[in-house]
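Report on the structure given below.
The values are calculated or read from the model by the stated rules, or taken from the named source; none is laboratory data. As the structure is a computational prediction, the values presented were derived from the model and not from experiment. So basically every Cβ, Gly included, is an ideal-geometry build from the backbone, and we count neighbours across all protein chains shown.
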Amino acid sequence: DGGITQSPKYLFRKEGQNVTLSCEQNLNHDAMYWYRQDPGQGLRLIYYSQIVNDFQKGDIAEGYSVSREKKESFPLTVTSAQKNPTAFYLCASSIGWQGRTTDTQYFGPGTRLTVL
Amino acid sequence: KNQVEQSPQSLIILEGKNCTLQCNYTVSPFSNLRWYKQDTGRGPVSLTIMTFSENTKSNGRYTATLDADTKQSSLHITASQLSDSASYICVVSVRDTPLVFGKGTRLSVIA
């Protein structure tokens, strides 16, 4: 059963703590993405990776960090430097980077992070 | 600045009725336009992808149109069902840059 998995579905964190959100895909996709979704707003890009061992900042990268050591994994760390981290986080992947292809972007089920 | 505007912000229709959602964009250079459906608390699911040369594309009861001259797209839903209740997001691809997302239209289908 192919797809993208994100864990956990719900995450609670105390202010000042770092937390890592997991994203795994078994679709053999080269490109992976992290988005943040807030109520009443469109998805905003945090980081993206066109290929393993490479990643670029998106529109709102401050306070976040990523790694892409394996093709199937793209974890996102929300650091204490992120001023307003409570949000719904979505991971996605596509065969090739969507900036140069019409490849469909497949999304995971999301992780809802709440900072207490 | 690349932007995608969707209207209406929200819509309520009776089951079995048709509806049309609108998307206007100002991006350059345009690559393709996508429509996604997002159920509450879930990740978006792709409905259609259209390139510059495509005027219309269907996916079951969903039909998307694209007018590249006026930079407008629409998503028409035929014979709506309760399961169509979701947010519908218009997304535009700009060559060599990340996708530009609209804020979505929240559709509620009631019995």
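With the requirement that a residue be assigned to a loop (DSSP other than H, G, I, E, B) and away from every other protein chain (no Cβ under 11 Å), what does the stretch A:98-116 give you?
Within the stretch A:98-116, A:116 is the sole residue that qualifies.
Check residue B:61 against each of (1) of a type in the set (Lys, Arg); (2) surrounded by fewer than 14 Cβ atoms within 10 Å (Cβ to Cβ); (3) in contact (Cβ under 8 Å) with a residue 24 or more places away in the chain and name the one condition it does not meet.
Checking residue B:61 against (1) of a type in the set (Lys, Arg); (2) surrounded by fewer than 14 Cβ atoms within 10 Å (Cβ to Cβ); (3) in contact (Cβ under 8 Å) with a residue 24 or more places away in the chain, the one that fails is (3).
Sort out which residues of the stretch A:30-58 are in contact with an Asp or Glu (Cβ under 9 Å, 6 or more places away or on another chain) and surrounded by fewer than 20 Cβ atoms within 10 Å (Cβ to Cβ), and write them in order of number.
Listed by number, the residues that qualify are A:44, A:50, A:51, A:52, A:53.
Can you name the residue in the stretch A:78-93 that is surrounded by fewer than 20 Cβ atoms within 10 Å (Cβ to Cβ) and among the hydroxyl-bearing types (Ser, Thr, Tyr) and, of all such residues, is nearest to residue A:29 (Cα to Cα)?
Top of the filtered list is A:79.
Please enumerate the residues belonging to the stretch B:69-101 that are closer than 15 Å to residue B:8 by Cα and not in a strand (DSSP E or B).
Selection gives B:85 alone.
If I filter the stretch B:88-103 for residues that are farther than 21 Å from residue A:94 by Cβ, at pLDDT 95 or above, buried (at least 20 other Cβ atoms within 10 Å of the Cβ) and within 14 Å of another protein chain (Cβ to nearest Cβ), do I get at least one hit?
So far as the stretch B:88-103 goes, no, none of its residues is farther than 21 Å from residue A:94 by Cβ, at pLDDT 95 or above, buried (at least 20 other Cβ atoms within 10 Å of the Cβ) and within 14 Å of another protein chain (Cβ to nearest Cβ).
Confirm whether residue B:24 is in contact with a strand residue (DSSP E or B) (Cβ under 7 Å, 6 or more places away or on another chain) and at the interface with another protein chain (Cβ under 10 Å from one of its Cβ atoms).
Here the answer is no, as residue B:24 does not meet what is asked.
Under the condition of being over 14 Å from the mean Cα position of the chain (by Cα) and among the basic types (Lys, Arg), which residue from the stretch B:1-57 is nearest to residue A:109 (Cα to Cα)?
Ranking the candidates gives B:42 first.
Residues of the stretch B:53-87 being within 23 Å of residue B:41 (Cβ to Cβ) and within 14 Å of chain A (Cβ to nearest Cβ), which ones?
The answer is B:59, B:86, B:87.
Report whether or not residue A:15 is more than 27 Å from residue B:104 (Cα to Cα), of a type outside the set (S, T, N, Q) and at pLDDT 95 or above.
no
Which ranges mark the strands (runs of 3 or more DSSP E) fully within the stretch A:16-97 that have 3 or more residues being without any contact (Cβ under 8 Å) to a residue 40 or more places away in the chain and more than 14 Å from chain B (Cβ to nearest Cβ)?
A:64-66
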